[in-house]
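Okay, so here's the structure we're looking at.
Where a number appears in this text, it was derived from the coordinates with a stated rule and is not lab data. What you see is a predicted model, and the numbers here were worked out from it, not measured in a lab. Cβ placement follows ideal geometry from the backbone for every residue including glycine, while neighbour counts extend to all protein chains displayed.
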């Protein structure tokens, strides 16, 4: 029996892997196409967060970054040359790897096994000696990748509203503390959070260098945070369903089950006249 592939790959291990195995590298740097065009890891293809990892429409119906349809995602996988047996390695230009984690979640959710995120992202890979280029890469042809369902659990706005009125559930908001408290909101229309939500910022998954905490530390952290709550009763969200995937990635890295993702997140919730906890005096 083969051991489970770690969802995180260290830059030095990536260098070794690239020498011994054919891999597909995806640069998922949010809003950084210009940086990709100027310099990216050699061999990397660019994934646009808005166009490749989401199906953007009415923010009140699914939030700012709803998942693409299966048909749309099949086209995207074909564009990147990804087939069911491909080894995919993803990075972005943020230490936390938020957008990279979103694509990781999407691939894991269709049952793809060989997918990893570079620990520390672009900067860490470059620092470790992985070569870079400004050459625009072309994907190899791949056979069709049929998708039938999202195999990782999802929650919608109705389920989230229902559980805010019950016990033995946990809604985790991974945004920073000031956004959660309603003190600031740089993106969405209203500042605040979902009633009953617990704030565990995704940045707490990282050490001072921007690398993930060890699996042991992450396991201890989330075992304490989720004590007494069954995994199926945990829902993770953020602003638009991107950054929440960072915490889902951290949980998988820790060897813990992956809970439900609320893709619509605060961007959807705050546009639907739902009960909200705002900053004092707001």
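Given R₀ = 35 Å, what would the calculated FRET efficiency be for residue 224 paired with residue 113, taking r from the Cβ atoms and rounding to 0.05? Walk me through the numbers on the way to the answer.
Numbers: r = 30 Å, r/R0 = 0.85.
Taking R0 as 35 Å, the efficiency between residue 224 and residue 113 is 0.75.
Spin-label point model (7 Å from Cα, Cβ direction): what's the residue 167 to residue 143 distance in nm?
With each label placed 7 Å out from Cα toward Cβ, I get 5.4 nm.
Report the full-extension gain for the segment residue 132 to residue 33: residue separation times 0.36 nm, less the Cα-Cα distance, to one decimal in nm.
On the way: separation 99, 0.36 × 99 = 35.64 nm, distance 1.49 nm.
Gain in length upon complete extension: 34.1 nm.
Be a star and scan the stretch 45-87 for residues whose amide nitrogen sits under 16 Å from the point 7 Å along the Cα-to-Cβ vector of residue 13.
The answer is 87, whose backbone nitrogens lie closer than 16 Å to the label point.
Rg and Dmax of the stretch 8-133 over Cα atoms: what are they, in angstrom?
14.1, 46
Most exposed first by the Cβ proxy, i.e. fewest other Cβ within 10 Å, how do 238, 245 rank?
Numbers: 238 28, 245 31.
With the fewest neighbours first, 238, 245 line up as 238, 245.
Can you give the helix-only mean residue ellipticity at 222 nm for the chain, where every DSSP H stretch with n ≥ 4 adds -39500 (n - 2.57) and the sum goes over all residues, rounded to the nearest 500 deg cm²/dmol? If you can, show how the numbers build up before the last one.
On the way: 11 runs with 86 residues, N = 282.
Mean residue ellipticity, 222 nm, calculated: -8000 deg cm²/dmol.
Once you sort the root eigenvalues of the Cα gyration tensor of the stretch 139-281 as a ≥ b ≥ c, which label holds: rounded (a/c under 1.5), prolate (a/b larger than b/c) or oblate (the other case)? Don't skip to the answer; put the middle values down first.
On the way: a/c = 1.45, a/b = 1.24, b/c = 1.16.
The shape class here is rounded.
Based on alpha-carbon positions alone, could you give the equivalent ellipsoid semi-axes of the chain from the gyration tensor, as √(5λ), descending, whole Å? Could you put the intermediate results ahead of the total?
Details: eigenvalues 190, 81, 70 Å².
Semi-axes, largest first: 31, 20, 19 Å.
In what sequence do 276, 106 fall when counting other Cβ within 10 Å, fewest first? Write down the numbers at each step before the final one.
Details: 276 16, 106 23.
Listing 276, 106 from fewest to most nearby Cβ atoms yields 276, 106.
How would you rank 179, 143, going from fewest to most other Cβ atoms within 10 Å of each one's own Cβ? Walk me through the numbers on the way to the answer.
Working: 179 22, 143 10.
Lowest to highest Cβ neighbour count: 143, 179.
Mind giving me the FRET efficiency for residue 21 and residue 216? R0 is 22 Å, r the Cβ-Cβ distance, nearest 0.05 is fine. Before the final figure, lay out the partial values.
Details: r = 27 Å, r/R0 = 1.24.
Once the sixth-power term is evaluated, E becomes 0.20.
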